[in-house]
1. Filter segment A:114-131 for residues that are touching a helix residue (DSSP H, G or I) at 6+ places or on another chain (Cβ under 6 Å) and farther than 15 Å from A:N200 by Cα; which is most open to solvent (accessible area, probe 1.4 Å)?
2. Looking at (1) touching a residue at least 24 places away in the same chain (Cβ under 8 Å); (2) within 12 Å of chain A (Cβ to nearest Cβ), find the lone condition where B:N258 falls short.
3. What number of residues within segment A:135-163 satisfy the criterion of being of a type in the set (V, I, T) and facing chain B (nearest Cβ under 9 Å)?
4. Name the residues in segment A:250-307 that are at pLDDT below 80 and among the basic types (K, R), would you?
5. Looking only at residues that are of a type in the set (S, T, N, Q) and out of contact with any Ser or Thr (no Cβ under 8 Å at 6 or more places or on another chain) in segment A:271-282, which one is surrounded by the most Cβ atoms within 10 Å (Cβ to Cβ)?
6. Give all pairs with beta carbons closer than 6 Å in which a residue from segment A:111-134 that is more than 10 Å from chain B (Cβ to nearest Cβ) meets a residue that is among the basic types (K, R); count only pairs at least 6 apart in sequence or on separate chains.
7. Hey, does segment B:283-290 have a residue that's among the small types (G, A, S), closer than 30 Å to B:N78 by Cα and either more than 10 Å from every other protein chain (Cβ to nearest Cβ) or open to solvent by 30 Å² or more (accessible area, probe 1.4 Å) (or both)?
8. Applying the selection to segment B:277-316, what residues are touching an Asp or Glu at 6+ places or on another chain (Cβ under 9 Å), at pLDDT 80 or above and aliphatic (A, V, I, L, M)?
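The values are calculated or read from the model by the stated rules, or taken from the named source; none is laboratory data. Just so it is clear, the model here is predicted, and its values are computed rather than measured. Using ideal geometry, Cβ is built from the backbone for each residue, glycine included, and neighbour counts are taken over all protein chains shown. All accessible areas refer to the heavy atoms of the entire protein, side chains included, with ligands and DNA or RNA removed. Shrake-Rupley method; radii C 1.70, N 1.55, O 1.52, S 1.80 Å.
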Amino acid sequence: MGRYVIRRLLQMIPVFFGATLLIFLMVNVMGDPIAGLCGDRQCDPATAAQLEKEFGLDKPVWQQYLTYMGNVFTGDFGTAFNGQPVTELMASAFPVTIRLTIVAILFEIVIGISLGVVTGLKRGRPVDTTVLLLTLVVLSVPTFVTGLLVQLLLGVKWGWIKPAVSPEATFSELIVPGLVLASVSLAYVTRLTRTSIAENKRADYVRTAVAKGLPRHRVISRHLLRNSLIPVVTFIGADIGALMGGAIVTERIFNIHGVGYQLYQGIVRQNTQTVVGFVTILVLIFLLANLLVDLLYAVLDPRIRYA
Amino acid sequence: MPEPEPFEPLESYGEEGRAIASTGAGGASDLATAEAETLEQRPSVDAAEEAAGGPEGAGPDKKARSLWSDAWHDLRRNPVFIISGLIILFLVVISIWPSLIASGDPLDCDLSKAQEGSQPGHPFGFNGQGCDVYTRTVYGARTSVSVGVLATLGVAILGSILGGLAGFFGGAWDGFLSRITDVFFAIPVVLGGLVLLSVVTSSTVWPVIGFMVLLGWPQISRIARGSVITAKQHDYVQAARALGASNSRMMLRHITPNAVAPVIVVATIALGTYISLEATLSYLGVGLKPPTVSWGIDISSASPYIRNAPHMLLWPAGALAITVLAFIMLGDAVRDALDPKLR
């Protein structure tokens, strides 16, 4: 187990550096890092040259990347456009987005898996058809349209929620945005669980469990569900990273000041430090979430052992 | 749209597909498939090798059909496929000749009519600039469909070539490519789009398509690599190698026809998501830019006025949703037909 974790952590290193390098190149080579520093006007050449020298932008790109990563490992993520350290922005933004992601993941687990179990057990019945149809509708409407419509109906027309989330962004305010963020993944989780349950329903061990007289709920929760969850757990684990990065749209609609909001500001104001810093952390979260999922396999299925 | 009915037959097809799949999993597939041709219970999935041999494999008097003719046989009777196929056919026709059903010009606007509702001759009303929403919705199909189709083609070709070669040759190239795939997977798609496209000034569809290919190919390459590795281990490939077939002959004649089905399935389902992604990027202001007519742009420009004039948003959003739905349903139907085991 310990050796497996160490091997996986070692494998993560090239992926981490590759992904950060890719983003670094996208931002620095394709964009102009100092264009945003003189407001909306163009910097005059002398100022531009001086700024480039000050930030080390006259050096080759690989040297810039090494300097940046060196600073990151000492905890220095640079400064944002308004002079605030990027770490301060992170400290205010990440808790909000993590709360939003927790709400979304909870929706996926609770609603997605329960719907999947119900439809998987009742394949072909009206309940199955209705839920499948609903998941198709949810899948086909893009998140930003769902978000705008939910905001219009629940927030403006019926007044059930506040259309915009306050800066504190408490859990109760994030329920509806979390549901919107989770909607597409929720549909995937439902379909995945349904397929998996329907496949395992005919397995020999389920027949044995029924034959030896176990109560129905125990057959489902202990035997059927536990064996059917592996693909679902894989999906949810990979989804954590996607949800945190994909929260840009949801956070923009509901005015949530989280990671997506800061990233959007960083991109609009062409602030490379903010963008690369936040993406670095997001990539790290994604990689760790995937490692966690692989370790969860062994909990779900004792046949899987890591030497 | 009359969707509720199609699911019943889909389910019954699933049962049929399952029966085929279970014979396939019974171990018969390991027998040399060339000899298995006369067997009645020949697993349909293994019959694909023949498809490359030409149309004679699909002869009606033969008991075993190739994977492709079998899939086509399934698809023709699947109402989900027929409905989604008709919708897609309609979308393709209006993207090529939008003037067939919309006589106006999408860029012809009259500010005095801004945000007005439905009127005779203008069934969907007017948008914030006073343009006819119906005309713009019809003309928007062209961008969405072309972005979706071209991005999918690019992703499928690049991904299956790179993934297929990695799966076939293995070794260092395979390890390198797998790490590259991991790198691309670690970057959230919407985020990558914002970063990459925010610096692009061109207003054509090409940067958006290029970005989708750049971030989309690893998905297909993983699938292609896996299915090539599976196909490579079959006995007929070993037999071809023993007979002295060259690498290219083994790849083109024996492996490709047996490994391409999962790629087609994933690519078809991905097509719908690319259309949706294009709209999302346009909504965030980095995808397509006016004067291009696109559903994403229209939804984005209508979103601030959603309280006063929701029709400006609902029509293009509805068209977008139906298009994405049609492609996802087509992908589902193709998957059921090509790979009954996947359900």
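1. Step by step, filter segment A:114-131, then rank; the result is A:L115.
2. All conditions are met except number (2).
3. Counting residues in segment A:135-163 that are of a type in the set (V, I, T) and facing chain B (nearest Cβ under 9 Å) gives 5.
4. A:R269, A:R303, A:R305
5. Let us first name the residues in segment A:271-282 that are of a type in the set (S, T, N, Q), namely A:271-274, A:280.
Retained after the next criterion (residues that are out of contact with any Ser or Thr (no Cβ under 8 Å at 6 or more places or on another chain)): A:271-272, A:274.
Details: A:N271: 24, A:T272: 25, A:T274: 27.
Only one residue fits best here, namely A:T274.
6. Within 6 Å, the pairs are A:G116/A:R194; A:T119/A:R194; A:G120/A:R194.
7. Filtering segment B:283-290 down to residues among the small types (G, A, S) leaves B:285, B:287.
Okay, now just the ones that are also closer than 30 Å to B:N78 by Cα, so none.
No, segment B:283-290 contains no residue that is among the small types (G, A, S), closer than 30 Å to B:N78 by Cα and either more than 10 Å from every other protein chain (Cβ to nearest Cβ) or open to solvent by 30 Å² or more (accessible area, probe 1.4 Å) (or both).
8. Scanning segment B:277-316 gives a single hit, B:L313.
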